[in-house]
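Reading through the C-alpha cells given below for one structure.
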Amino acid sequence: MTRARLTRPSPWIVAGAFLVSGTVHLVRPAVFEPLIPRALPRPREIVYVSGVAELACAAGLAVRAPWAGPASAALLVGVWPGNLQMALDATARVRRGGGRPQNVALAAVAWARLPLQVPMIRAVLSTRRGTGERAAAPRSRA
C-alpha cells in the first residue's frame with residue numbers, strides 16, 4: 001500500500017461515511033443535537049439540514065458530479081467545530097465519571113476523529129472535476 005493511499009482515502013470511503021452519517025442525522029437527530037453550538041438557534045433543524053447535505057454529497061461523489069468534491073470539502077470543514085465539541089464533551093464526561101472505560105474509549109475516538117478529516121478532505125478534493133477519478137500527480141521532468 002502506498003503512502004498516498006494511506007494519507008488520502010478513496011472518495012468512495014468518504015461517500016460511504018456521508019451516507020451512514022447523513023442517514024443517522026435524519027433518523028436519530030437527537031444524537032447530533034448536542035454538537036450544535038449553543039449560540040445557534042434551532043439545533044434540530046440544523047441537524048436535519050446537515051444530514052441532507054451529507055446525503056447530497058454522498059450522492060454527488062457516487063455519480064462523480066463536478067460540485068461534489070468542493071461541496072464535500074466545505075461540509076467536512078463546516079462540521080469540524082461540532083466534532084471538536086464532541087471531543088470536549090467526551091473529555092468532560094471522563095473527568096466527571098471517574099474515567100470509566102466506555103467514557104475513555106468514546107473520548108479517545110472523538111479526539112482521534114479530528115485529524116482524520118484532513119485526509120478525507122484531501123480525498124474529495126483529489127477527484128478530477130466531473131470524473132471522480134484521482135487527479136494525476138505532476139511528473140517531474142528529469
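If you go through segment 35-60 and keep only what is touching a residue at least 40 places away in the same chain (Cβ under 8 Å) and of a type in the set (D, E, K, R), you end up with nothing. Of all residues in segment 6-44, those satisfying the criterion of being exposed (fewer than 13 other Cβ atoms within 10 Å of the Cβ) and small (Gly, Ala, Ser) are Ala30, Ala39.
Candidates Val52, Val47: the one that is surrounded by 15 or more Cβ atoms within 10 Å (Cβ to Cβ), modelled with pLDDT of 95 or more and touching a helix residue (DSSP H, G or I) at 6+ places or on another chain (Cβ under 8 Å) is Val47.
The values are calculated or read from the model by the stated rules, or taken from the named source; none is laboratory data. For clarity, every value in this text was computed on a predicted model and none was experimentally measured. Heads up, the Cβs are rebuilt from the backbone with ideal geometry, glycines too, and the neighbour counts pull from every protein chain shown.
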